[in-house]
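Read-outs: derived from the displayed coordinates by stated rules, not from any lab. Computed from a predicted model, the values in this text were never measured in an experiment. All Cβ positions, even for glycine, are placed from backbone atoms using ideal geometry, and neighbour counts span all protein chains on display.
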Amino acid sequence: MTQTAPVQKTRFFGISKILRFLKPFKRVMLSMAALGLTTSIIDVAIPLFQRYSLNHFIKGNTLDTLPLFLIIYILALAGQSFATYVSCRNAMTVEVSVNRDLRHAAFEHLQTLSFSYFNQNSVGYIHARVLSDTSRIGSLASWSFMDGVWHTSYLIFAAVVMLAINARLALLVLIIVPLVAALFSLFQGKLIRANREIREINSNITSNFNEGITGAKTVKTLAIEEEMDRRFTAETARMRKRSVDASRLRGAFAATMNLASSVALAIVLWRGGYLAENQVGTFSMFMSYAQGMMEPVRWLIDAISDLITTQVNIERFTNLLAVKSDVVDTPEVVEKYGDSFCPKKEAWEPLVGDIEFEDVTFRYPDGQETVLEHFNMRIPFGSNIAIVGETGAGKSTLVNLVCRFYEPTQGRVLIDGRDARERSQLWLHSSIGYVLQNPHLFSGTVRENLLYGNPNASEEQIRRAIELVSADEVVARLENGLDTDVGEGGDLLSTGEKQLISFARAILADPRILILDEATASVDTLTEQKIQAAIDKVIQGRTSIVIAHRLSTVRHSDCILAVKDGKIVESGTHKQLIAAKGYYYDMYTRQYEDEEAAKILG
Ligand SMILES: Nc1ncnc2c1ncn2[C@@H]1O[C@H](COP(=O)(O)OP(=O)(O)OP(=O)(O)O)[C@@H](O)[C@H]1O
Ligand SMILES: [Mg+2]
């Protein structure tokens, strides 16, 4: 289900916070404003032309100055068309460029956020911030800005011209404006409520649809197709009903508006007839302005409510940019080692691979319980450590702390004898190869995925890496070998295949610290044995941490840590722990018996 994070209240209009994104387009926007003014001046001038032609040519019954009149008239119209074309082109440029910059800023910022942000905010929520909020802001800065200048200046210029020509008739026409505006806002309130409801239903439909697709397999295994279909149908039926209601409302709105403007015009006709005293040209000019003002007034009322909703988009977007990662490099560290986007690799000390937990207490930012309490552990450089323990014991948490994906609530994690926080995250991450419990591949080919581990790897290095982790057979089975497309998230491959590819990817990076979190959980026993042999080879000269449920795979580790409820309950070699006949011994014999029983039972 889509989780929506609360919108934090900001004290002032959030637009000031996105001004920096508009700054590069200051000149284009100024030219849009100038062109908008030009367009509206010509708009206001057209009724003046009509007035002149009626008064001069028709009433005066003459054709003198007609050629000049026509030339100026045509030039004005051509100028207006050109101004409109350039404005639209500029607005389009500003819209797409602002969108691009906002999305880029959001994406770059998201990459700096720690794991906990992604745990706390759903993909759908982040998606909406990056895509729909940015597009609302982009269109505000371009089209709304252009239309705003155009419509507002039209109203002002038209009012000035009317007042200058016939003040009494002008006041009569201008009185219509607030009346029409009041009527507009009355309808608009209802329309906004209707549209809001439709949007809510629409997002329910999207979320049902998403769940139906992403959970398609689960839907089938639970045989709940009918239930899912019923829910979807109910929502779409509600959507249809509300949309029809809203269309009716819109129709009534349009009809009432037409009626209102006709009535308003009739009043002008009736009263204006006396006031204009036989001046047909002036009278027709007033009629044009009275009609011409309807659209700008409607637009302005719309714009006010749009601005209110867009403010929410702006606030949510700027709040996203303001989210601070739980794990940040201090300014001194960034100064010395650079950040994730501009690393200063020349200043990086080589990472040796000595890890130490010093009195570490840890609770997840959104977690209820303390996972680790006063935890101490030392993993000397080059050693091969295995972590075993029940589900939820805290094994993945330990390696997440080693990788500094989270930071201890209290205590320190030392890398090569120094607090991990003293050096940049990228420095550490560049030297760690981590095969996650749920491996993820990016869409693209197997080769492209492997190259994420080391963009400069040669064909030979790629071949050796896949051979080393026994992924060569898997790759050979794929239709196009290394050039096979793995699908979104690698979903065209099996979980075991994904694990092997991500293992090869980690090896290709030649990391100082290698972490395997249940890296062989989804492969068959034969492949596992091969991987085991590979692990024995690749851990030479590196520090490695292997988390495994199947204890037979960690027998050869230098040291096995048995973890229970976030504490090391036992540690030692396989032999020592078996001899101790404690927690590990119990786990091992239980598993061994199960495996033997399984063998006997065939
Ligand atoms: N992101 C999180 N937010 C809050 N609590 C979490 C989070 N991840 C794990 N936990 C909690 O921390 C505890 C340890 O989890 P951890 O993932 O380290 O277990 P594990 O030993 O790796 O288990 P498994 O063998 O199932 O992978 C569990 O109680 C879990 O509920
Ligand atoms: Mg785990």
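If you wrap a convex hull around the alpha carbons of segment 360-404, what volume per residue comes out, as a whole number of Å³? It would help to have the intermediate numbers written out before the result.
Details: hull volume 3.8 nm³, N = 45.
In segment 360-404, the Cα convex hull volume per residue is 84 Å³.
Can you tell me how much longer the chain between Tyr73 and Asp339 gets when fully stretched, taken as 0.36 nm per residue apart minus their C-alpha distance, in nm with one decimal? Display every interim value, and only then the final one.
Values: separation 266, 0.36 × 266 = 95.76 nm, distance 6.07 nm.
Additional length available on full extension: 89.7 nm.
Computed from the mean reciprocal separation of all distinct C-alpha pairs, what Kirkwood hydrodynamic radius does segment 73-192 have, in Å? Write out the running numbers ahead of the final one.
Numbers: mean 1/r = 0.0540 Å⁻¹.
In segment 73-192 this quantity evaluates to 18.5 Å.
Just want to confirm a number: the relative contact order over the chain, from Cα pairs under 8 angstrom separated by 6+ residues, in percent.
14 percent
I'd like the trypsin sites (Lys or Arg not before Pro) in segment 561-602 restricted to DSSP loop residues with at most 10 other Cβ atoms within 10 Å, sorted by number. Numbers along the way, then the final one.
On the way: sites: Lys564, Lys567, Lys575, Lys581, Arg590, Lys599; in loops: Lys581.
Filter output for segment 561-602: Lys581.
Find the eigenvalues of the gyration tensor of the Cα atoms of segment 85-137, then list the square roots of 5 times those eigenvalues as equivalent ellipsoid semi-axes, largest first, in whole angstrom. Spell out each step's value before the answer.
Values: eigenvalues 169, 24, 4 Å².
Ellipsoid half-lengths, sorted descending, are 29, 11, 4 Å.
Would you compute, from DSSP H runs of 4+ residues alone, the mean residue ellipticity of the chain at 222 nm, taking -39500 (n - 2.57) per run and dividing by the full residue count, rounded to the nearest 500? Let's see the in-between values first.
Values: 22 runs with 367 residues, N = 602.
After summing the helix terms and dividing by the residues of the chain, the value is -20500 deg cm²/dmol.
Inverting the mean 1/r over all pairs of different Cα atoms, compute the Kirkwood radius of the chain and quote it in Å.
Working: mean 1/r = 0.0329 Å⁻¹.
Here the Kirkwood hydrodynamic radius works out to 30.4 Å.
Can you bin segment 475-567 into rounded, prolate or oblate? Criterion: square roots of the alpha carbon gyration tensor eigenvalues sorted a ≥ b ≥ c, rounded for a/c under 1.5, prolate for a/b above b/c, oblate for the rest.
Numbers: a/c = 2.00, a/b = 1.74, b/c = 1.15.
Verdict is prolate for segment 475-567.
Of all DSSP beta bridges in the chain, what percent run antiparallel (nearest 5)?
Numbers: 20 of 38 bridges.
Approximately 55 percent, going by the DSSP bridge assignments.
Sketch the reach of a paramagnetic label on Phe115 as a point 7 Å from Cα along Cα-to-Cβ, and name the residues of segment 364-397 whose backbone nitrogen lies under 14 Å away.
Within reach of a label on Phe115: 364-367, 371-372, 392-397.
Take the Cα pairs of segment 24-118, get the Kirkwood Rh, then feed it into Stokes-Einstein at 10 °C and 1.306 mPa s and tell me D in µm²/s.
Translational diffusion coefficient: 93 µm²/s.
If the viscosity is 1.306 mPa s and the temperature 10 °C, what translational diffusion coefficient in µm²/s does Stokes-Einstein give for segment 15-322 when Rh comes from Kirkwood over Cα pairs?
Values: Rh = 23.4 Å.
It comes out at roughly 68 µm²/s.
Taking the Cα centroid of segment 32-87 and of segment 540-602, what is the distance between the two, rounded to the nearest whole Å?
90 Å
Going down the table (Lys336/Lys395; Lys324/Lys498; Lys217/Lys530; Lys498/Lys567; Lys530/Lys575), which pairs top 25 Å between alpha carbons?
Details: Lys336/Lys395 32 Å; Lys324/Lys498 32 Å; Lys217/Lys530 31 Å; Lys498/Lys567 31 Å; Lys530/Lys575 23 Å.
Correct reply: Lys336/Lys395; Lys324/Lys498; Lys217/Lys530; Lys498/Lys567.
Gap in Å between the Cα centre of segment 478-520 and the Cα centre of segment 341-382?
Here the two parts' Cα centres lie 25 Å apart.
May I ask which residue of Val280, Asn119, Val523 lies farthest towards the positive end of the charge dipole of the chain, with charges of +1 (Lys, Arg) and -1 (Asp, Glu) on Cβ and the Cα centre as origin?
Working it through, the farthest residue towards the positive pole turns out to be Val280.
With +1 on the Cβ of every Lys and Arg and -1 on the Cβ of every Asp and Glu, and nothing else charged, how large is the dipole of segment 15-322 about its Cα centre, in debye rounded to the nearest 20? Show your work: numbers first, answer last.
Values: 30 positive and 21 negative charges, 52 e Å.
Here segment 15-322 has a charge dipole of around 240 debye.
Please give the charge dipole size of the chain, origin at the Cα centre, charges +1 on K and R Cβ atoms and -1 on D and E Cβ atoms. Round to the nearest 20 debye.
On the way: 62 positive and 66 negative charges, 558 e Å.
It comes to approximately 2680 debye.
Run the Debye formula on the Cα coordinates of segment 375-442, all scatterers equal and no solvent, and tell me log10 I(q)/I(0) at q = 0.17 1/Å.
Treating every Cα as an identical point scatterer, log10 I(q)/I(0) equals -0.72.
Regarding segment 133-235, what whole-number volume in Å³ per residue does the convex hull of its Cα atoms give? Mind dumping the intermediate values first?
On the way: hull volume 10.9 nm³, N = 103.
Cα-based convex hull of segment 133-235, divided per residue, equals 105 Å³.
Using Cα-Cα distances under 8 Å and only pairs 6 or more residues apart, what relative contact order does segment 15-322 have, in percent?
Values: 230 pairs, mean separation 101.1, N = 308.
Relative contact order comes out at 33 percent.
Using Cα-only point scatterers and the Debye equation, what is log10 of I(q)/I(0) for segment 226-349 at each q in 0.14 Å⁻¹, rounded to two decimals?
-0.90
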